[in-house]
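The values are calculated or read from the model by the stated rules, or taken from the named source; none is laboratory data. Keep in mind the model is a prediction, meaning the values are calculated, not measured. Glycine gets a Cβ as well: all are built from the backbone with ideal geometry, and neighbour counts include every protein chain shown. Ligands, DNA and RNA are stripped out before the accessible areas are found, and what is left, the full protein with its side chains, is counted by its heavy atoms. Shrake-Rupley method; radii C 1.70, N 1.55, O 1.52, S 1.80 Å.
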Amino acid sequence: MWTHRHLLGIEPLSADDIDTVLDRAETWHALSRKTEKKVRLLHGRTVISLFFEASTRTRTSFEAAGKRLGADVVNVSSSGSSVSKGESLLDTAKNLEAMRADVLIVRHAASGAASFLAERMQASVVNAGDGAHEHPTQALLDAFTIRRSKGRLSGLIVAICGDIAHSRVARSNAILLGKKGAEVRLTAPRTMLPAHAETLSPAVRVMPRFEDAVHDADVVMMLRIQNERLAGAMMSTTREYSRTYGLGPAMLAKAKPDAIVMHPGPINRGVELDPRVADGNRSVILDQVEAGVAVRMAVLDLLLTGGNHSPSDAPLPRPSRPSLP
């Protein structure tokens with residue numbers, strides 16, 4: 001069912017691989033809604049997350065995913081590691097691997113950092129975001145959310161708006177949605193559109209006018225302005241950006257009546273997304289957060305077991321011993 005040793009991006013995955021992750025995530029999604037959320041499938045395995053950039057949703061959901069599968073999970077941040085003393089990325093990773101980690105989850109500002117480590121390590125490596133390159137688990141959880149809401153991916157129109165040039169989320173989503181037969185419309189100010197954006201996938205159409213991209217869309221995915229990647233120098237003011245590329249009720253009305261609104265977070269309220277839309281009944285933003293745990297459980301499951309089991313066969317937690325009087 002699964003032959004990949006690492007998850008470094010969406011590009012190496014086939015359409016069937018994507019379905020395998022999404023289908024497996026359905027079972028773990030159901031488990032996460034139960035009172036008892038843990039199994040012992042990965043009991044004895046060690047998952048280490050190494051984050052060189054700030055993260056709330058990705059880091060926390062990977063931790064929850066590993067623990068719900070029964071693994072030991074260790075979180076390492078760059079500020080609390082020897083990187084702050086000058087140690088190289090590879091030396092840090094190799095030292096963590098020497099502790100017999102089974103999976104290393106890496107987020108780094110440099111594009112290709114996860115691939116660099118995967119070529120030099122025995123442990124499985126999961127790319128949790130590398131520069132402006134890819135963020136595969138975000139695209140997978142977005143696809144999972146869309147499929148649960150719409151029942152399919154093929155044939156849908158997905159408008160992605162925001163800082164496309166610096167967005168690994170946009171890149172991974174464009175590749176995945178193209179593989180699954182959706183039409184992807186990328187829209188942003190020209191200074192925030194990468195050169196040759198249409199080459200990301202045959203499914204991509206670049207539309208500089210926001211209203212054209214949103215027209216009759218099934219999904220509207222908003223992205224934040226990534227000031228940490230120097231995007232702030234590529235627009236005049238946040239007020240002007242919000243007026244032209246912000247999603248409010250009037251702009252959302254141009255999409256299909258049942259269109260859903262997505263955002264990978266964190267949201268800059270009042271800039272790319274009007275609070276009335278972010279908190280409205282067409283927003284699935286919190287559904288994306290919930291999906292993140294299930295999808296990352298599926299990824300860890302597949303990397304460490306190869307999918308060679310039925311999720312329903314995963315050993316349940318051992319019953320607790322009665323307390324002594």
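Using only Cα atoms, find the angle between the long axis of helix 57-68 and the longest principal axis of the chain, and express it within 0 to 90 degrees, rounded to the nearest 10. Rounded to the nearest ten degrees, it is 30. Computed over protein heavy atoms with a 1.4 Å probe, the accessible surface of the chain works out to 44 Å² per residue. Among the listed pairs LYS34/LYS67; LYS37/LYS67; LYS67/LYS180; LYS37/LYS150, a Cα-Cα separation exceeding 19 Å is found for LYS67/LYS180; LYS37/LYS150.
Look at where the Cα atoms of the stretch 1-22 and of the stretch 241-259 average out, and the two centres are 33 Å apart. When both bridge partners sit in the chain, DSSP labels roughly 5% of those beta bridges antiparallel. Mind checking the angle between helix 285-305 and the chain's longest principal axis? C-alpha axes, 0 to 90 degrees, to the nearest 10. In the chain, helix 285-305 runs at an angle near 40 degrees to the longest axis. Model label points for GLU26 and ALA110, set 7 angstrom from Cα along the Cα-to-Cβ axis, are 4.1 nm apart.
Estimated from the Cβ-Cβ distance and a Förster radius of 51 angstrom, the FRET efficiency linking GLU36 and ARG190 is about 0.45.
Taking a straight Cα-Cα cut-off under 14 Å and skipping sequence neighbours fewer than 8 places away in the same chain, the aspartates and glutamates within cross-link reach of LYS254 are GLU211, ASP212, ASP216, ASP218.
Mind running the shape call on the stretch 149-273? Use the C-alpha gyration tensor, a ≥ b ≥ c as the square roots of the eigenvalues: rounded below 1.5 for a/c, prolate if a/b tops b/c, oblate otherwise. Oblate shape, in that a/c is at least 1.5 and b/c is the bigger or equal ratio.
How would you classify the stretch 110-178 from its alpha-carbon gyration tensor, with a ≥ b ≥ c the square roots of the eigenvalues: rounded for a/c under 1.5, else prolate if a/b is greater than b/c, otherwise oblate?
oblate
Let's see if you can work this out: charge +1 on each Lys and Arg Cβ, -1 on each Asp and Glu Cβ, no other charges. What is the dipole magnitude of the stretch 201-301 about its Cα centre, in debye to the nearest 20?
300 debye
Return the FRET efficiency for the residue pair ARG209, ARG269: r is the Cβ-Cβ distance, R0 is 25 Å, and the value is rounded to the nearest 0.05.
For ARG209 and ARG269, the calculated efficiency is 0.60.
Using just its DSSP H runs of length 4 or more, each adding -39500 (n - 2.57), the chain gives a mean residue ellipticity at 222 nm of -10500 deg cm²/dmol after division by all residues.
Sites listed here are trypsin sites (Lys or Arg not before Pro) in the stretch 188-219 whose DSSP assignment is loop and whose Cβ has at most 14 other Cβ atoms within 10 Å: ARG209. In the chain, the longest principal axis of the Cα atoms and the axis of helix 168-179 are about 90 degrees apart.
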